[in-house]
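J.: Would you mind keeping the following structure in view while I ask a few things?
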Amino acid sequence: MPQRLQVLLKPRKSPVQARSAASVDAILEATIQVLLSVGKEKLTTTKVALRAGVSVGTLYQYFPNKSSLLQAALKRHMDEITDAIELVCKEQRGKTLRQMATSLITAFLQAKMRDAKTSIALYSVSSDVDGAKIVQQMGIRSNKAIVQMLATSCEPLTTDPQLVASMLQGVMAGVSRRLVESDVPEKQLNILCQELIFVACAYLDACSARPSVQGAGALN
């Protein structure tokens, strides 16, 4: 990523007091509202400040431009999803693999699609604000939480937990992408969630019942 773009996207400062944090939250919430209302092309810092009820000067204390606003909004969204994953992974420690998969997938999709319009809007601007890096960072956090959860299963895995976690993340990401690219994500959410749970449970059953054949049949 070019150094100049990194500078443009980087927030000017982080909130250190409750009032400052509240202002930033209001600004980011307003960013989402303006994005949904007028789209990314017509979104401006002035419109966001007006919607947030703060001066443009206050907004500029934290965000130098609209790209940094959008990136921060995307990061907050991804943080919330990752927090949900970390929480459910802690809650499911010691459970069966099927219980883990069911709870993990349900929590992930509920967090991802809690506000489908927001998820879709942020997905549409992701490539403009180095979203891939944010997704990668959150993926590392999620992977760690899933691996730690799997390690406590009452049905020991015969496949590397790191690999299993990565596979689960891959199929979860694929289904969530299909949802945000769909014209009617709300109608597809429940059925895709059920099918994803079925696939994940079948995979975990296989990973706990068969000896590891790492490398066997792998594509060259």
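J.: Relative to the longest principal axis of the C-alpha atoms of the chain, give the angle of the C-alpha long axis of helix 18-38, reported between 0 and 90° and rounded to the nearest 10°.
T.: Its long axis makes an angle of about 90 degrees.
J.: Could you sort out which of LYS75/LYS187; LYS66/LYS112; LYS66/LYS187; LYS40/LYS90 sit more than 29 Å apart by Cα distance in this structure?
T.: Values: LYS75/LYS187 26 Å; LYS66/LYS112 23 Å; LYS66/LYS187 32 Å; LYS40/LYS90 37 Å.
Distance filter (> 29 Å) returns LYS66/LYS187; LYS40/LYS90.
J.: What's the carbon and sulfur percent of region 37-105's accessible surface, probe 1.4 angstrom, rounded to a whole number? Each step should come with its number before you reach the end.
T.: Working: 1680 of 3220 Å².
The value for region 37-105 is 52 percent carbon and sulfur by accessible area.
J.: Same structure, new question: With Rg and the Kirkwood Rh both taken from Cα atoms, where does Rg over Rh land for region 141-206? Don't jump to the answer; show the numbers that get you there.
T.: Numbers: Rg = 13.4 Å, Rh = 12.9 Å.
Checking Rg against Rh, the ratio lands at 1.04.
J.: Which one, GLN110, VAL199, LEU36, projects farthest toward the positive side of the charge dipole computed for the chain from Cβ point charges (K/R +1, D/E -1)?
T.: Of the options given, the answer is LEU36.
J.: Also: Can you give the alpha-carbon Rg of the chain over 2.2 N^0.38 Å, where N counts its residues?
T.: On the way: Rg = 19.9 Å, N = 220, 2.2 N^0.38 = 17.1 Å.
The value comes to 1.16.
J.: Considering only protein heavy atoms, what is the solvent-accessible area of ASP79 at a probe of 1.4 Å, reported in Å² to the nearest 10?
T.: 40
J.: Tell me, what ³J(HN,Hα) does each residue in region 63-72 have, in order and in whole Hz, if you take phi through Karplus 6.51 cos²θ - 1.76 cosθ + 1.60 with θ = phi - 60° and put x for Gly and Pro?
T.: Per residue, the Karplus-derived 3J(HN,Hα) values read 10, x, 6, 5, 5, 5, 4, 5, 5, 5 Hz.
J.: Using a simple charge model, +1 on the beta-carbon of Lys and Arg, -1 on the beta-carbon of Asp and Glu, nothing else, what dipole does the chain show about its Cα centre, in debye to the nearest 20? Walk me through the numbers before you get to the answer.
T.: Working: 26 positive and 18 negative charges, 145 e Å.
Rounded to the nearest 20 debye, it is 700 debye.
J.: Please work out the average accessible area per residue across the chain, using the 1.4 Å probe convention, and give it in Å².
T.: Details: 12220 Å² over 220 residues.
Result: 56 Å² per residue.
J.: Among GLN61, ALA151, LEU168, whose Cα projects farthest towards the positive end of the dipole of the chain, with charges put on the beta-carbon of Lys, Arg (+1) and Asp, Glu (-1)?
T.: Going by the Cα projections, it comes out as GLN61.
The values are calculated or read from the model by the stated rules, or taken from the named source; none is laboratory data. Predicted model only: the values in this text are computed from it and were never measured. Heads up, the Cβs are rebuilt from the backbone with ideal geometry, glycines too, and the neighbour counts pull from every protein chain shown. Ligands, DNA and RNA are stripped out before the accessible areas are found, and what is left, the full protein with its side chains, is counted by its heavy atoms. Shrake-Rupley method; radii C 1.70, N 1.55, O 1.52, S 1.80 Å.
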